[in-house]
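Just so you know, all these numbers are worked out from the coordinates, no wet-lab data involved. Since we're looking at a predicted model, the values are computed, not measured. Methodologically, a virtual Cβ is constructed for each residue, glycine included, from the backbone with ideal geometry; neighbour enumeration extends over all protein chains shown.
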Amino acid sequence: MSDHAKILDVEVVHLPGRKFPGAVIQGDSLSIWLTHVHAARDAATGGDLNELCEELASLESKIRGCLDHYEKTLAKNGFGLPYVR
C-alpha cells in the first residue's frame, strides 16, 4: 500500500511485520518543521506571544494535514486507527 500526498510530502506505507501503516515524512519537510519549532522557542524566550502563536499554528497546520491524510488513507485501505481519536 502506498498513497502519496504530493502537497504534504508524506507517504503512508505498510511495512512487513507491522500491524498498522506508518507515515514517512521527507527530510526537507522535517527540517522545515524543526525550523518552526526553533522559531517558536525563540519567540517564547523573547516574550513575543504573537510570533509564538503564529509559529505553533503553522506547525499545527502542517501536522494536522499529515494526520488527516494518514487517517483517510488508512480508512480507504480498510485499516482502523492505531490510536484513540
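Laid out as a table, the results:
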| read-out | value |
| --- | --- |
| Scan of the range 27-45 for residues that are more than 10 Å from L59 (Cα to Cα) and surrounded by 14 or more Cβ atoms within 10 Å (Cβ to Cβ), ordered by number | S29, A39, A43, A44 |
| So V10, is it touching a helix residue (DSSP H, G or I) at 6+ places or on another chain (Cβ under 8 Å), surrounded by 15 or more Cβ atoms within 10 Å (Cβ to Cβ) and not aromatic (F, W, Y) | yes |
| Selection within the range 29-74 - touching a helix residue (DSSP H, G or I) at 6+ places or on another chain (Cβ under 6 Å) and without any contact (Cβ under 8 Å) to a residue 12 or more places away in the chain | A44 |
| Tally, over the range 62-85, of residues that are out of contact with any Asp or Glu (no Cβ under 9 Å at 6 or more places or on another chain) and farther than 24 Å from I32 by Cα | 8 |
